[in-house]
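See structure below.
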Amino acid sequence: MTKYILKRLLILIPTLLGVSFIVFSLLYLSPGDAALAVAGPDATKEAVDAIRENLGLNQPFVIQYGNYLKNLIFHFDLGTSYQSGRSVTAALIRVFPTTIKLASGALAIAVIMGIISGIIAALKKNTFIDSIITALGMVGLAMPIFWSGLLLIIVFSTKLKVLPASGFSYLKQMILPWFALGFQSSAVIMRMTRSAMLDVLDKDYIRTAYAKGLSKRKIIFVHALKNAMIPVITTIGLQAGGLLGGSILTETIFSIPGIGRLMVDSIKTRDYPIILGAIMLIAIVYSVISIIVDILYGFINPRIKSEYK
């Protein structure tokens, strides 16, 4: 297991290098002038050229990307913001805990709602309850995050006036963003849990457990659910990484000062170091989550654990 973990960690290096190259290339080729955005629309051509030279934007792509990699690899430096002149790393550290809190709360809601509703739907297969849960899951899959967020604001903030429409400082402010971000993921987890449970409940060892007189609760939660969790954990891991990307829209809609809103503001001002640093951070977190999911396989499924040995 240790050898496998080290192997996966080493794979992170070329993965992150590939991400940095692709994103840096796209930002380099994107329309607009970052120097002009820093100088302002009324700046003279001489002032814009001076800023461009100071930021190194007049250098060829290879030199710019080489300097970025050198600072990243040898100094762990994500660069300096064009707009504020401050460290990108410091800016990301300041807002990233808010994004983690948002994504973690949304993931908790998605996992609880998804697994419980998936189990109920599997146990009530082809009944009215199963149809209702499946229909809600389809609605969750079809509803974009920005639409569910606006709908929650209209219903609970504008009409009912029971929950605030913006902010993320206390629990009441967190409820709507958590549900807006987690609803779609809960639908994905529900569908996977239902499918996995139906597959496991049809196995011979489940019928044998019933024949031995074991309690239904023990059969479902000990024998069936544990074996059905392999694909569910994969789905949860993918959704956890996706929630970081979904936080961009959620933070913008609910005015949450997280990494997503910082990226949106940086796109408007063409602050490329902030954008690149934020994407790199999200890529690192997503990769680490993927490794954690693979490790959990070994603890849940003994056959996979024996392969590690």
Does residue 57 qualify as being open to solvent by less than 50 Å² (accessible area, probe 1.4 Å) and in contact (Cβ under 8 Å) with a residue 40 or more places away in the chain?
no
Check whether at least one residue in segment 257-268 is of a type in the set (A, V, I, L, M), assigned to a helix (DSSP H, G or I), closer than 29 Å to residue 112 by Cα and touching a residue at least 40 places away in the same chain (Cβ under 8 Å), and report yes or no.
yes
Just give me the residues in segment 112-130 being open to solvent by 70 Å² or more (accessible area, probe 1.4 Å), more than 15 Å from residue 193 (Cα to Cα) and of a type outside the set (Phe, Trp, Tyr), in sequence order.
126, 129
Number of positions in segment 101-129 that are in contact (Cβ under 8 Å) with a residue 12 or more places away in the chain and of a type outside the set (A, V, I, L, M, F, W, C):
6
Looking only at segment 1-12, which residues are open to solvent by 40 Å² or more (accessible area, probe 1.4 Å) and part of a helix (DSSP H, G or I)?
2, 3, 4, 5, 6, 7, 8, 9, 10, 11
Going through segment 66-115 one residue at a time, which ones are β-branched (Val, Ile, Thr) and farther than 26 Å from residue 249 by Cβ?
73, 80
Could you please tell me which pairs satisfy a Cβ distance under 6 Å, a separation of 6+ or placement on different chains, a first residue in segment 14-39 that is in the same structural domain as residue 53 (by the TED database) and open to solvent by less than 50 Å² (accessible area, probe 1.4 Å), and a second residue that is among the polar types (S, T, N, Q) and not in a helix (DSSP H, G or I)?
37/269
Identify the residue in segment 131-165 that is touching a helix residue (DSSP H, G or I) at 6+ places or on another chain (Cβ under 8 Å) and over 20 Å from residue 178 (Cβ atoms) and, among all such residues, is surrounded by the fewest Cβ atoms within 10 Å (Cβ to Cβ).
138
Taking only pairs six or more apart or across chains, which ones have beta-carbon atoms under 7 Å, a first residue in segment 168-194 that is closer than 14 Å to residue 249 by Cβ and assigned by the TED database to the domain that holds residue 95, and a second residue that is open to solvent by 50 Å² or more (accessible area, probe 1.4 Å) and assigned to a helix (DSSP H, G or I)?
176/156; 184/141
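The values are calculated or read from the model by the stated rules, or taken from the named source; none is laboratory data. Predicted model, so just to flag it, every value in this text is computed and none were measured. No Cβ is skipped: glycine too gets one built from the backbone with ideal geometry, and neighbour counts run over all protein chains shown. Calculation scope for accessible area: heavy atoms of the full protein, side chains included, ligands and nucleic acids excluded. Shrake-Rupley method; radii C 1.70, N 1.55, O 1.52, S 1.80 Å.
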